[in-house]
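Visitor: Okay, here's the structure, questions in a sec.
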Amino acid sequence: MPFGEQPAYLRVAGDLRQKIVDGVLPPHTRLPSQARIREEYGVSDTVALEARKVLMAEGLVEGRSGSGTYVREQPVPRRIARVGFHSAGGCTPFRQEQTDERVRGTWESSSEQEAAGPVVAARLRLPQGAKVMRTRYVFRAEGEPSMLSTSWEPLEVTGRTPVMLPEEGPLAGRGVVERMAAIDVVVDNVVEEVGARPALAEEAMTLGGVPGHAVLVVSRTYFAGGRPVETADVVTLADRYRVAYHLPVK
């Protein structure tokens, strides 16, 4: 669509966006009011409002209760390193997800049995409704929430074993590879898919973002002899993190 044929609210949003990018409207500066936008661009209140909504949806501005709308300071993206899986002893859930050895972190978790829904059942190649152990994690890098993860393990593999609860027992806090090896399940392959979607409200609140802004989702599945033994979704804010893969040449 030629620029001149763009809807008016997109033209206004585009001009304001450029001012933000160029530093004319620096971080923490109050965005022109709806009335000011209406007067400056010769548009209606509806167009001015829609233009502000576009900038808010893009994460360029944020509303402050009783104060107005302000330009957000854009974070410098950090890196989440991915190199597959660790077979060496002592791998923690944090190190499993963030393999950059320079990054120090902690995690919180909770586990609960549940019936596998259609998506999880398909990923684990189980009948829908089969029992799985779901574990939810909050990972913190240098004290700040950086990633969320939800993992599922088939109880037909881990049930009634010392590793049934990932964060309890003799191998509590170890990675999937080491825990599975303890019950004679040898992980020999891992598959990851990376996608993006709008953040859920709970995800944004935990990670310090804004509901609706984009998150990166790494969907990972561990295999042993072709059988899925764990699958997980790792979620992080798209504007704060980049996923970096280190792939050896063979």
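The values are calculated or read from the model by the stated rules, or taken from the named source; none is laboratory data. These numbers were taken from a predicted model, which means no experiment stands behind them. Virtual Cβ from ideal backbone geometry, glycine too; neighbours counted across all protein chains shown. Please note that ligands, DNA and RNA were not included when accessible areas were found on the heavy atoms of the full protein model with its side chains. Shrake-Rupley method; radii C 1.70, N 1.55, O 1.52, S 1.80 Å.
Visitor: Return a whole-number percent for the relative contact order of the range 78-245, with Cα pairs under 8 Å and 6 or more residues apart as the contact set. Intermediate values should be presented prior to the final figure.
Guide: Values: 361 pairs, mean separation 40.1, N = 168.
24 percent.
Visitor: How are the C-alpha pair distances of the chain spread across 5 Å bins, as whole percents from the shortest bin up?
Guide: 1, 6, 11, 15, 14, 12, 10, 7, 7, 7, 5, 3, 1, 0, 0
Visitor: Hey, another quick one. Order these peptides, 110-121, 231-242, 46-57, by their mean beta-carbon neighbour count within 10 angstrom, highest first.
Guide: Highest to lowest by the protection proxy: 231-242, 46-57, 110-121.
Visitor: Loop only by DSSP, 13 or fewer other Cβ within 10 Å of the Cβ. Give me the trypsin sites (Lys or Arg not before Pro) in the range 157-192 that pass, ordered by residue number.
Guide: Passing sites in the range 157-192 are ARG160.
Visitor: Taking amide hydrogens as modeled 1.01 Å from N in the peptide plane, which residues meet the under 5 Å criterion relative to ALA130, leaving out close sequence neighbours?
Guide: Under 5 Å from the amide H of ALA130: ALA116.
Visitor: Please give the net charge around GLY143, taking every other residue with its beta carbon less than 15 angstrom from that of GLY143, where Lys and Arg add +1 and Asp and Glu add -1.
Guide: Residues close to GLY143 contribute a combined charge of +1.
Visitor: With every protein chain left in place, what is the accessible area per residue of the chain in square angstrom, probe 1.4 Å? Write out the running numbers ahead of the final one.
Guide: On the way: 13300 Å² over 250 residues.
Counting only protein heavy atoms, the per-residue value for the chain is 53 Å².
Visitor: What percent do you get for the relative contact order of the range 8-71 when only Cα pairs under 8 Å and 6+ apart count?
Guide: 42 percent.
Visitor: Order these peptides, 202-208, 187-193, by their mean beta-carbon neighbour count within 10 angstrom, highest first.
Guide: So the peptides 202-208, 187-193, ranked by packing, come out 202-208, 187-193.
Visitor: Quick one: which residues, 5+ away or cross-chain, put their amide H under 5 Å from the amide H of TYR241? H built at 1.01 Å from N.
Guide: Amide H to amide H, under 5 Å and 5 or more residues apart or across chains, TYR241 pairs with ARG78.
Visitor: Quick one: Cα convex hull volume of the range 148-196, Å³ per residue? If you can, show how the numbers build up before the last one.
Guide: Numbers: hull volume 4.6 nm³, N = 49.
So the per-residue Cα hull volume is 94 Å³.
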